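Take a look at the structure below.
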Amino acid sequence: MKTQVAIIGGGPSGLLLSQLLNKAGVATVVLERSSRAHVEGRIRAGVLETGTVQMLHEAGVGDRLDREGIRHGGCYLTDDDLMVRINFKELTGKQVVVYGQTEVTADLYNAQDAIGATVLHDVSDVVINDADSDAPYVEFTKDGVRQRFDCSYVAGCDGFHGVSRTTIPEEKRRAFERVYPFGWLGVLSRTPPANHELIYANSGNGFALASMRNENLSRYYVQVPLTDKVEDWSDDRFWDKLKQCLPYDISSSMVTGPSIEKSIAPLRSFVSEPLRWGRLFLVGDAAHIVPPTGAKGLNLAVSDVFYLYQGLIDVLQKGDASGIDAYSERALARIWKAMRFSWQMTTMLHQFEGEDSFAAQMRKATLAQLSQSETARRELAENYIGLPY
Ligand code: FAS
Ligand code: PHB
(Lines give C-alpha, C1' and ligand atoms only; values in the text may rest on other atoms or scores of the structure.)
(Ligands and ions follow the chains in the order given, each with its own letter.)
Protein backbone atom coordinates (compact mmCIF):
# COMPACT_ATOMS: atom_id res chain seq x y z
CA MET A 1 0.00 0.00 0.00
CA LYS A 2 1.19 3.54 -0.69
CA THR A 3 0.52 6.94 0.85
CA GLN A 4 2.25 10.30 0.81
CA VAL A 5 2.63 10.88 4.56
CA ALA A 6 2.53 8.09 7.14
CA ILE A 7 1.58 9.53 10.55
CA ILE A 8 2.50 7.45 13.59
CA GLY A 9 0.13 8.25 16.46
CA GLY A 10 -3.52 9.33 16.49
CA GLY A 11 -3.38 11.82 19.36
CA PRO A 12 -3.99 15.55 18.85
CA SER A 13 -0.81 16.20 16.83
CA GLY A 14 -1.28 13.21 14.51
CA LEU A 15 -4.96 13.90 13.93
CA LEU A 16 -4.45 17.63 13.37
CA LEU A 17 -1.63 17.00 10.90
CA SER A 18 -3.75 14.42 9.08
CA GLN A 19 -6.70 16.80 8.91
CA LEU A 20 -4.67 19.73 7.55
CA LEU A 21 -2.82 17.61 4.98
CA ASN A 22 -5.97 15.89 3.74
CA LYS A 23 -7.75 19.24 3.40
CA ALA A 24 -4.87 20.26 1.09
CA GLY A 25 -5.16 17.08 -0.97
CA VAL A 26 -2.21 15.21 0.54
CA ALA A 27 -2.83 11.51 1.17
CA THR A 28 -2.06 10.26 4.68
CA VAL A 29 -2.51 7.24 6.89
CA VAL A 30 -2.61 7.49 10.70
CA LEU A 31 -1.36 4.44 12.59
CA GLU A 32 -2.61 4.43 16.19
CA ARG A 33 -1.61 1.83 18.79
CA SER A 34 -4.71 2.20 20.97
CA SER A 35 -8.42 1.92 20.28
CA ARG A 36 -10.31 5.06 19.31
CA ALA A 37 -12.31 4.82 22.55
CA HIS A 38 -9.07 4.75 24.56
CA VAL A 39 -7.65 7.78 22.80
CA GLU A 40 -10.92 9.71 23.10
CA GLY A 41 -11.18 8.75 26.80
CA ARG A 42 -7.92 10.41 27.80
CA ILE A 43 -8.24 13.42 30.13
CA ARG A 44 -5.26 15.75 29.70
CA ALA A 45 -4.82 19.39 28.76
CA GLY A 46 -7.42 22.04 29.40
CA VAL A 47 -6.14 25.42 28.14
CA LEU A 48 -5.82 26.40 24.46
CA GLU A 49 -3.57 29.26 23.33
CA THR A 50 -4.77 31.72 20.71
CA GLY A 51 -2.59 30.04 18.08
CA THR A 52 -4.10 26.65 18.84
CA VAL A 53 -7.63 28.03 18.43
CA GLN A 54 -6.62 29.51 15.08
CA MET A 55 -5.07 26.22 13.91
CA LEU A 56 -8.18 24.25 14.90
CA HIS A 57 -10.29 26.70 12.90
CA GLU A 58 -7.92 26.29 9.94
CA ALA A 59 -8.46 22.53 10.21
CA GLY A 60 -12.23 23.09 10.18
CA VAL A 61 -12.83 21.98 13.78
CA GLY A 62 -13.48 25.33 15.46
CA ASP A 63 -17.29 25.42 15.60
CA ARG A 64 -17.95 23.46 18.82
CA LEU A 65 -14.87 25.06 20.34
CA ASP A 66 -16.45 28.48 19.66
CA ARG A 67 -19.77 27.37 21.15
CA GLU A 68 -18.54 25.47 24.20
CA GLY A 69 -15.04 26.78 24.87
CA ILE A 70 -14.79 29.20 27.81
CA ARG A 71 -12.79 32.35 27.12
CA HIS A 72 -10.55 33.36 30.00
CA GLY A 73 -9.14 36.88 30.18
CA GLY A 74 -6.88 36.03 33.11
CA CYS A 75 -5.76 33.59 35.77
CA TYR A 76 -4.59 33.78 39.39
CA LEU A 77 -1.30 32.89 41.04
CA THR A 78 -1.50 32.66 44.80
CA ASP A 79 0.91 32.52 47.71
CA ASP A 80 -1.15 31.23 50.64
CA ASP A 81 -3.81 33.97 50.88
CA LEU A 82 -2.11 36.47 48.52
CA MET A 83 -3.99 36.31 45.18
CA VAL A 84 -2.36 37.87 42.11
CA ARG A 85 -4.49 38.15 38.97
CA ILE A 86 -2.67 38.03 35.65
CA ASN A 87 -4.93 40.06 33.37
CA PHE A 88 -4.15 38.58 29.94
CA LYS A 89 -6.52 40.91 28.09
CA GLU A 90 -5.18 44.10 29.65
CA LEU A 91 -1.53 43.03 29.39
CA THR A 92 -1.53 41.38 25.95
CA GLY A 93 -4.89 42.11 24.34
CA LYS A 94 -5.41 38.33 24.07
CA GLN A 95 -7.01 35.54 26.07
CA VAL A 96 -7.01 31.75 26.25
CA VAL A 97 -9.84 29.28 25.80
CA VAL A 98 -10.61 26.55 28.32
CA TYR A 99 -11.63 23.51 26.24
CA GLY A 100 -10.42 20.04 27.18
CA GLN A 101 -8.01 18.06 25.02
CA THR A 102 -10.63 15.32 25.22
CA GLU A 103 -13.00 17.56 23.24
CA VAL A 104 -10.28 18.63 20.79
CA THR A 105 -9.52 14.97 20.06
CA ALA A 106 -13.19 14.12 19.61
CA ASP A 107 -13.67 17.05 17.21
CA LEU A 108 -10.62 15.98 15.20
CA TYR A 109 -11.80 12.38 14.99
CA ASN A 110 -15.25 13.49 13.79
CA ALA A 111 -13.64 15.75 11.17
CA GLN A 112 -11.39 12.90 10.03
CA ASP A 113 -14.50 10.70 9.68
CA ALA A 114 -16.21 13.39 7.63
CA ILE A 115 -13.39 13.57 5.05
CA GLY A 116 -12.85 9.82 5.00
CA ALA A 117 -9.29 10.03 6.32
CA THR A 118 -7.51 6.72 6.94
CA VAL A 119 -6.97 6.21 10.68
CA LEU A 120 -6.04 2.65 11.66
CA HIS A 121 -6.46 1.78 15.35
CA ASP A 122 -5.16 -1.10 17.44
CA VAL A 123 -2.04 -1.42 15.32
CA SER A 124 1.06 -2.94 16.90
CA ASP A 125 4.77 -3.37 16.27
CA VAL A 126 5.11 -0.28 14.13
CA VAL A 127 8.54 -0.07 12.52
CA ILE A 128 9.75 2.93 10.51
CA ASN A 129 12.17 1.75 7.81
CA ASP A 130 14.64 3.63 5.58
CA ALA A 131 13.67 7.02 7.02
CA ASP A 132 17.06 8.32 5.85
CA SER A 133 16.39 7.27 2.24
CA ASP A 134 14.16 8.62 -0.53
CA ALA A 135 11.80 5.65 -0.10
CA PRO A 136 10.82 5.21 3.54
CA TYR A 137 8.20 2.69 4.53
CA VAL A 138 6.38 1.74 7.71
CA GLU A 139 5.43 -1.76 8.78
CA PHE A 140 2.84 -2.69 11.38
CA THR A 141 0.55 -5.49 12.48
CA LYS A 142 -3.21 -5.04 12.29
CA ASP A 143 -5.71 -7.87 12.99
CA GLY A 144 -2.83 -10.30 13.13
CA VAL A 145 -1.60 -9.41 9.63
CA ARG A 146 1.79 -7.80 9.04
CA GLN A 147 1.26 -4.83 6.70
CA ARG A 148 3.31 -2.11 5.02
CA PHE A 149 2.82 1.43 3.72
CA ASP A 150 5.37 2.90 1.32
CA CYS A 151 5.40 6.67 1.72
CA SER A 152 7.23 9.87 0.88
CA TYR A 153 7.48 11.15 4.46
CA VAL A 154 6.85 9.93 8.02
CA ALA A 155 5.52 12.13 10.86
CA GLY A 156 6.33 10.79 14.31
CA CYS A 157 3.34 11.94 16.38
CA ASP A 158 3.47 8.99 18.77
CA GLY A 159 4.21 10.73 22.04
CA PHE A 160 6.98 10.29 24.58
CA HIS A 161 6.79 6.49 24.62
CA GLY A 162 6.45 6.04 20.87
CA VAL A 163 8.88 4.50 18.37
CA SER A 164 9.61 7.55 16.22
CA ARG A 165 12.20 9.31 18.38
CA THR A 166 14.21 6.14 18.91
CA THR A 167 14.11 5.39 15.18
CA ILE A 168 16.65 8.19 14.90
CA PRO A 169 20.08 6.64 15.65
CA GLU A 170 21.19 7.48 19.19
CA GLU A 171 24.37 9.08 17.93
CA LYS A 172 22.28 11.47 15.82
CA ARG A 173 20.15 12.63 18.77
CA ARG A 174 20.75 14.95 21.74
CA ALA A 175 18.42 14.76 24.75
CA PHE A 176 17.92 17.47 27.37
CA GLU A 177 15.97 16.46 30.47
CA ARG A 178 14.90 17.53 33.93
CA VAL A 179 12.77 15.06 35.93
CA TYR A 180 10.92 16.74 38.80
CA PRO A 181 10.78 14.97 42.19
CA PHE A 182 6.99 15.14 42.38
CA GLY A 183 3.87 14.46 40.34
CA TRP A 184 0.38 15.90 39.93
CA LEU A 185 -2.60 14.03 41.33
CA GLY A 186 -5.51 15.09 39.13
CA VAL A 187 -9.23 14.82 39.90
CA LEU A 188 -12.25 15.48 37.69
CA SER A 189 -15.52 16.13 39.53
CA ARG A 190 -19.05 17.13 38.49
CA THR A 191 -18.96 20.22 40.68
CA PRO A 192 -18.99 23.94 39.89
CA PRO A 193 -15.44 25.34 39.59
CA ALA A 194 -13.99 26.86 42.76
CA ASN A 195 -13.24 30.07 40.86
CA HIS A 196 -14.27 31.63 37.54
CA GLU A 197 -10.62 31.62 36.37
CA LEU A 198 -7.76 29.17 36.95
CA ILE A 199 -5.81 29.35 40.20
CA TYR A 200 -2.17 28.23 40.32
CA ALA A 201 -1.59 27.99 44.08
CA ASN A 202 1.78 28.05 45.81
CA SER A 203 1.42 27.38 49.51
CA GLY A 204 3.24 26.09 52.56
CA ASN A 205 1.43 22.82 51.84
CA GLY A 206 2.65 22.55 48.25
CA PHE A 207 1.21 23.32 44.80
CA ALA A 208 -2.36 23.00 43.66
CA LEU A 209 -4.23 23.98 40.49
CA ALA A 210 -7.93 24.75 40.31
CA SER A 211 -9.15 24.42 36.72
CA MET A 212 -12.34 23.42 34.96
CA ARG A 213 -13.97 21.99 31.83
CA ASN A 214 -17.34 23.75 32.08
CA GLU A 215 -19.63 25.35 34.67
CA ASN A 216 -20.35 21.98 36.24
CA LEU A 217 -17.17 20.03 35.60
CA SER A 218 -14.07 20.92 37.61
CA ARG A 219 -10.49 19.77 37.17
CA TYR A 220 -8.12 19.98 40.14
CA TYR A 221 -4.52 18.96 40.79
CA VAL A 222 -2.35 18.75 43.89
CA GLN A 223 1.40 18.13 44.08
CA VAL A 224 2.22 14.65 45.39
CA PRO A 225 5.46 12.73 46.00
CA LEU A 226 6.46 10.45 43.12
CA THR A 227 6.12 7.50 45.48
CA ASP A 228 2.37 8.08 45.95
CA LYS A 229 -0.18 5.86 44.21
CA VAL A 230 -3.72 6.86 43.25
CA GLU A 231 -5.09 4.27 45.69
CA ASP A 232 -3.33 6.18 48.51
CA TRP A 233 -5.70 9.08 47.90
CA SER A 234 -9.35 8.91 48.93
CA ASP A 235 -11.58 11.71 47.69
CA ASP A 236 -11.75 13.15 51.21
CA ARG A 237 -7.97 13.18 51.50
CA PHE A 238 -7.71 14.90 48.11
CA TRP A 239 -10.25 17.62 48.97
CA ASP A 240 -8.55 18.27 52.34
CA LYS A 241 -5.16 18.66 50.64
CA LEU A 242 -6.56 20.91 47.92
CA LYS A 243 -8.22 23.16 50.49
CA GLN A 244 -4.96 23.41 52.45
CA CYS A 245 -3.26 24.80 49.32
CA LEU A 246 -5.93 27.21 48.06
CA PRO A 247 -6.56 30.66 49.57
CA TYR A 248 -9.11 30.55 52.39
CA ASP A 249 -11.57 32.77 50.51
CA ILE A 250 -11.69 30.08 47.81
CA SER A 251 -11.42 26.90 49.87
CA SER A 252 -14.04 28.03 52.39
CA SER A 253 -16.74 28.32 49.74
CA MET A 254 -15.85 25.67 47.16
CA VAL A 255 -18.12 22.71 46.37
CA THR A 256 -16.60 19.24 46.54
CA GLY A 257 -17.98 15.96 45.31
CA PRO A 258 -17.08 12.45 44.15
CA SER A 259 -14.19 12.13 41.72
CA ILE A 260 -15.13 10.75 38.30
CA GLU A 261 -11.48 10.48 37.28
CA LYS A 262 -8.34 10.36 39.40
CA SER A 263 -4.77 9.91 38.12
CA ILE A 264 -1.16 10.81 38.86
CA ALA A 265 1.05 12.29 36.12
CA PRO A 266 4.82 12.58 36.57
CA LEU A 267 6.45 15.90 35.65
CA ARG A 268 9.43 16.24 33.40
CA SER A 269 11.04 18.72 31.00
CA PHE A 270 12.46 17.00 27.94
CA VAL A 271 13.65 17.92 24.46
CA SER A 272 15.18 15.68 21.81
CA GLU A 273 17.10 17.39 19.00
CA PRO A 274 16.93 17.46 16.03
CA LEU A 275 13.27 17.01 15.05
CA ARG A 276 14.20 15.55 11.69
CA TRP A 277 16.15 12.57 10.40
CA GLY A 278 15.96 12.13 6.65
CA ARG A 279 12.25 11.88 5.82
CA LEU A 280 11.13 11.37 9.42
CA PHE A 281 9.87 14.37 11.40
CA LEU A 282 9.15 14.35 15.16
CA VAL A 283 6.06 16.26 16.31
CA GLY A 284 4.62 17.05 19.77
CA ASP A 285 5.32 14.81 22.74
CA ALA A 286 7.43 12.50 20.54
CA ALA A 287 9.99 15.32 20.58
CA HIS A 288 9.39 17.19 23.83
CA ILE A 289 7.64 17.07 27.17
CA VAL A 290 6.83 20.01 29.43
CA PRO A 291 5.50 19.98 33.00
CA PRO A 292 1.80 20.98 32.71
CA THR A 293 2.35 24.00 34.99
CA GLY A 294 2.58 26.29 31.98
CA ALA A 295 -0.32 24.70 30.03
CA LYS A 296 2.04 24.26 27.07
CA GLY A 297 2.07 20.54 26.19
CA LEU A 298 -0.86 20.35 23.81
CA ASN A 299 -0.22 23.88 22.53
CA LEU A 300 3.40 23.06 21.59
CA ALA A 301 2.21 19.99 19.68
CA VAL A 302 -0.05 22.29 17.66
CA SER A 303 2.70 24.79 16.87
CA ASP A 304 4.92 21.91 15.71
CA VAL A 305 2.12 20.93 13.31
CA PHE A 306 1.94 24.55 12.12
CA TYR A 307 5.66 24.53 11.27
CA LEU A 308 5.52 21.17 9.51
CA TYR A 309 2.27 20.84 7.57
CA GLN A 310 2.75 23.64 5.05
CA GLY A 311 6.30 22.42 4.41
CA LEU A 312 5.00 18.94 3.56
CA ILE A 313 2.36 20.38 1.25
CA ASP A 314 4.96 22.55 -0.51
CA VAL A 315 7.44 19.73 -1.07
CA LEU A 316 4.79 17.24 -2.20
CA GLN A 317 2.84 19.60 -4.46
CA LYS A 318 5.49 22.10 -5.63
CA GLY A 319 8.81 20.33 -5.07
CA ASP A 320 9.78 23.13 -2.67
CA ALA A 321 11.65 21.58 0.29
CA SER A 322 12.45 24.86 2.06
CA GLY A 323 9.66 24.41 4.61
CA ILE A 324 10.63 20.90 5.71
CA ASP A 325 14.31 21.88 5.68
CA ALA A 326 13.54 24.72 8.12
CA TYR A 327 11.13 22.71 10.32
CA SER A 328 13.45 21.50 13.06
CA GLU A 329 15.15 24.83 13.66
CA ARG A 330 11.92 26.87 13.51
CA ALA A 331 9.97 24.54 15.81
CA LEU A 332 12.83 24.18 18.31
CA ALA A 333 13.15 27.97 18.64
CA ARG A 334 9.56 28.13 19.99
CA ILE A 335 9.84 24.83 21.91
CA TRP A 336 12.77 26.08 23.98
CA LYS A 337 10.95 29.29 24.95
CA ALA A 338 7.94 27.29 26.11
CA MET A 339 10.29 24.85 27.87
CA ARG A 340 11.80 27.74 29.81
CA PHE A 341 8.41 29.18 30.78
CA SER A 342 7.09 25.79 31.92
CA TRP A 343 10.25 25.15 33.96
CA GLN A 344 10.03 28.64 35.51
CA MET A 345 6.36 28.21 36.46
CA THR A 346 7.13 24.79 37.95
CA THR A 347 10.11 25.92 40.04
CA MET A 348 8.24 29.09 41.10
CA LEU A 349 5.17 27.26 42.38
CA HIS A 350 6.26 23.88 43.76
CA GLN A 351 7.99 22.90 46.98
CA PHE A 352 11.07 20.77 46.33
CA GLU A 353 11.80 18.11 48.92
CA GLY A 354 14.80 19.08 51.05
CA GLU A 355 14.85 22.66 49.78
CA ASP A 356 16.22 25.25 52.21
CA SER A 357 14.34 28.26 53.57
CA PHE A 358 16.01 30.46 50.95
CA ALA A 359 14.15 28.64 48.15
CA ALA A 360 10.82 29.20 49.88
CA GLN A 361 11.68 32.89 50.24
CA MET A 362 12.53 33.08 46.53
CA ARG A 363 9.06 31.72 45.70
CA LYS A 364 7.42 34.27 47.99
CA ALA A 365 9.51 37.10 46.52
CA THR A 366 8.58 36.06 42.98
CA LEU A 367 4.88 36.16 43.84
CA ALA A 368 5.35 39.49 45.60
CA GLN A 369 7.14 40.87 42.51
CA LEU A 370 4.24 39.72 40.33
CA SER A 371 1.75 41.43 42.62
CA GLN A 372 3.67 44.73 42.46
CA SER A 373 5.08 44.83 38.91
CA GLU A 374 2.98 45.15 35.77
CA THR A 375 6.12 44.36 33.78
CA ALA A 376 6.51 41.03 35.60
CA ARG A 377 2.83 40.23 35.04
CA ARG A 378 3.08 41.14 31.34
CA GLU A 379 6.06 38.81 30.84
CA LEU A 380 4.11 35.95 32.40
CA ALA A 381 0.95 36.79 30.44
CA GLU A 382 2.79 36.91 27.09
CA ASN A 383 4.16 33.43 27.69
CA TYR A 384 0.95 31.98 29.07
CA ILE A 385 -1.32 33.08 26.21
CA GLY A 386 1.29 31.71 23.80
CA LEU A 387 4.31 33.27 22.08
CA PRO A 388 3.88 34.03 18.37
CA TYR A 389 4.50 31.17 15.90
P1 FAS B 1 -0.01 12.08 22.56
O2 FAS B 1 0.80 11.34 23.57
O3 FAS B 1 -1.26 12.77 22.99
O4 FAS B 1 -0.45 11.09 21.38
C5 FAS B 1 0.45 10.11 20.92
C6 FAS B 1 -0.38 8.98 20.34
O7 FAS B 1 0.52 8.01 19.77
C8 FAS B 1 -1.17 8.24 21.41
O9 FAS B 1 -2.53 8.14 21.03
C10 FAS B 1 -0.51 6.88 21.51
O11 FAS B 1 -1.44 5.84 21.78
C12 FAS B 1 0.09 6.71 20.13
N13 FAS B 1 1.27 5.84 20.10
C14 FAS B 1 2.26 5.76 21.00
N15 FAS B 1 3.17 4.84 20.60
C16 FAS B 1 2.73 4.35 19.40
C17 FAS B 1 3.22 3.38 18.49
N18 FAS B 1 4.35 2.74 18.75
N19 FAS B 1 2.51 3.10 17.39
C20 FAS B 1 1.34 3.77 17.13
N21 FAS B 1 0.82 4.71 17.95
C22 FAS B 1 1.51 4.98 19.08
N23 FAS B 1 -0.65 19.15 28.52
C24 FAS B 1 -1.19 20.31 28.93
O25 FAS B 1 -1.04 21.32 28.23
N26 FAS B 1 -1.90 20.37 30.10
C27 FAS B 1 -2.10 19.26 30.88
O28 FAS B 1 -2.74 19.33 31.92
C29 FAS B 1 -1.57 18.02 30.49
N30 FAS B 1 -1.78 16.88 31.23
C31 FAS B 1 -1.22 15.70 30.80
C32 FAS B 1 -1.40 14.49 31.53
C33 FAS B 1 -0.83 13.29 31.10
C34 FAS B 1 -1.02 12.01 31.91
C35 FAS B 1 -0.04 13.27 29.93
C36 FAS B 1 0.63 11.99 29.46
C37 FAS B 1 0.14 14.45 29.20
C38 FAS B 1 -0.46 15.67 29.63
N39 FAS B 1 -0.30 16.86 28.91
C40 FAS B 1 -0.83 18.03 29.28
C41 FAS B 1 0.46 16.87 27.71
C42 FAS B 1 -0.42 16.34 26.61
O43 FAS B 1 -1.58 17.11 26.54
C44 FAS B 1 0.40 16.33 25.37
O45 FAS B 1 1.15 17.52 25.23
C46 FAS B 1 -0.41 16.09 24.14
O47 FAS B 1 -1.18 14.93 24.34
C48 FAS B 1 0.57 15.96 22.98
O49 FAS B 1 -0.10 15.42 21.91
P50 FAS B 1 0.65 14.38 20.95
O51 FAS B 1 1.96 14.92 20.57
O52 FAS B 1 -0.35 14.03 19.90
O53 FAS B 1 0.98 13.11 21.87
C1 PHB C 1 -6.29 21.45 33.05
O2 PHB C 1 -7.38 22.05 33.09
O3 PHB C 1 -6.21 20.19 32.95
C4 PHB C 1 -5.01 22.25 33.12
C5 PHB C 1 -5.08 23.62 32.98
C6 PHB C 1 -3.90 24.36 33.04
C7 PHB C 1 -2.69 23.71 33.26
C8 PHB C 1 -2.64 22.31 33.39
C9 PHB C 1 -3.81 21.58 33.32
O10 PHB C 1 -1.55 24.43 33.33
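Entry remark, the stretch 30-58: residues being assigned to a loop (DSSP other than H, G, I, E, B) and more than 16 Å from ligand 2 (Cβ to nearest atom) number 4 in total. Quick test for you: out of V145, V123, V98, pick the one residue that is more than 12 Å from A6 (Cα to Cα) and within 16 Å of ligand 2 (Cβ to nearest atom). The conditions single out V98. State all residues of the stretch 27-53 that are in contact with a strand residue (DSSP E or B) (Cβ under 6 Å, 6 or more places away or on another chain) and more than 10 Å from ligand 1 (Cβ to nearest atom); if no residue qualifies, say none. If the condition is that a residue be in contact with a strand residue (DSSP E or B) (Cβ under 6 Å, 6 or more places away or on another chain) and more than 10 Å from ligand 1 (Cβ to nearest atom), then T28, V29, V53 are the ones that fit.
Quick one: in the stretch 250-276, of everything that is within 11 Å of ligand 1 (Cβ to nearest atom) and hydrophobic (A, V, I, L, M, F, W, C), which residue is nearest to G11 (Cα to Cα)? Among residues in the stretch 250-276 that are within 11 Å of ligand 1 (Cβ to nearest atom) and hydrophobic (A, V, I, L, M, F, W, C), the one nearest to G11 (Cα to Cα) is A265. Do we find a residue being touching a helix residue (DSSP H, G or I) at 6+ places or on another chain (Cβ under 7 Å), over 30 Å from S189 (Cβ atoms), away from ligand 1 (no atom under 16 Å from the Cβ) and of a type in the set (F, W, Y) anywhere in the stretch 324-340? No, the conditions are met nowhere in the stretch 324-340.
Restricting the first member to the stretch 349-362 and to residues that are under 24 Å from Y76 (Cα atoms), and the second to residues that are among the hydroxyl-bearing types (S, T, Y), the beta-carbon pairs closer than 6 Å and six or more apart or on different chains are L349/Y200. For beta carbons closer than 8 Å, sequence separation of 6+ or different chains, a first residue in the stretch 124-145 that is within 15 Å of D158 (Cβ to Cβ) and of a type in the set (G, A, S) and a second that is at pLDDT 95 or above and in a strand (DSSP E or B), the qualifying pairs are S124/F140; S124/T141; S124/K142; A131/V154; A131/W277; A131/L280.
For R237, indicate whether it is of a type in the set (D, E, K, R) and assigned to a strand (DSSP E or B). In short, no. Within the stretch 166-193, the set of residues being aliphatic (A, V, I, L, M) and closer than 21 Å to M348 by Cβ comprises V179, L185.
Tell me yes or no: at least one residue of the stretch 259-272 is within 19 Å of L48 (Cα to Cα) and polar (S, T, N, Q). No, the stretch 259-272 has no match at all. Only residues that are small (G, A, S) and within 16 Å of ligand 1 (Cβ to nearest atom): list them for the stretch 192-231, please. A201, A208, A210, S211, S218, listed by residue number. Screening V61 on (1) away from ligand 1 (no atom under 16 Å from the Cβ); (2) part of a loop (DSSP other than H, G, I, E, B) shows it passes everything except condition (1). Selection within the stretch 52-108: residues that are of a type in the set (D, E) and at pLDDT below 95. The member of this set that is surrounded by the most Cβ atoms within 10 Å (Cβ to Cβ) is D79. Any idea which residue in the stretch 242-276 is surrounded by the most Cβ atoms within 10 Å (Cβ to Cβ), counting only those that are of a type in the set (D, E, K, R) and touching a residue at least 60 places away in the same chain (Cβ under 8 Å)? For the stretch 242-276, the residue satisfying everything is E273. If you filter the stretch 277-297 down to residues that are touching a residue at least 60 places away in the same chain (Cβ under 8 Å) and among the aliphatic types (A, V, I, L, M), you find that the one that is farthest from ligand 1 (Cβ to nearest atom) is L280.
The values are calculated or read from the model by the stated rules, or taken from the named source; none is laboratory data. Quick caveat: nothing in here was measured; it's all calculated off a predicted structure. Ideal geometry is used to build each Cβ from the backbone, glycine not excepted, and the neighbour counts take in all protein chains shown.
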